[in-house]
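Beneath this line is the structure, given in structure tokens, with notes to follow.
The values are calculated or read from the model by the stated rules, or taken from the named source; none is laboratory data. All figures in this text were calculated on a predicted structure; none of them were measured in a lab. Don't worry about glycine lacking a Cβ; one is built from the backbone with ideal geometry, like all the others, and counts go over all protein chains shown. These accessible areas exclude ligands, DNA and RNA; they are computed on the full protein's heavy atoms, side chains included. Shrake-Rupley method; radii C 1.70, N 1.55, O 1.52, S 1.80 Å.
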Amino acid sequence: MTDANAIREHMDVIGADGARIGTVDRVEGGRIKLTKVEGFGEQMEAAEGSHAGHHHYVSLGLVAGVDGNQVRLSASGANAVLFEEEEGDNA
């Protein structure tokens with residue numbers, strides 16, 4: 001697993017297929033908290049309708065690495081949506 005200290009606010013979160021998932025708000029409880037507006041943007045809307053208005057989270061276990069200003073996931077953008085967690089989910 002990548003060192004969580006390497007993940008910083010405003011980094012782009014990118015799926016293994018290059019699909020942009022969202023923007024890091026912060027690392028919180030073993031998860032990446034994505035910004036409200038962008039978290040899982042197009043991928044989530046395509047899967048289940050709009051999920052705007054609340055935070056989404058990505059487990060640090062899905063992080064393949066940090067490269068420049070990008071957090072790269074081991075899952076594709078579409079698959080990362082299946083693993084996403086919402087604000088009330090336990091870490």
Name the residues in the stretch 48-83 that are part of a loop (DSSP other than H, G, I, E, B) and at pLDDT 75 or above, would you? His55, Gly68, Asn69, Ser74, Ala75, Ser76
Considering the stretch 1-47 alone, what residues qualify as being open to solvent by 90 Å² or more (accessible area, probe 1.4 Å) and at pLDDT 90 or above? Asn5, Arg8, Glu9, His10, Asp17, Arg20, Arg26
Which residue is farthest from Arg8 (Cα to Cα), if the candidates are limited to the stretch 52-80 and must be touching a Leu at 6+ places or on another chain (Cβ under 8 Å) and open to solvent by 60 Å² or more (accessible area, probe 1.4 Å)? Ser74
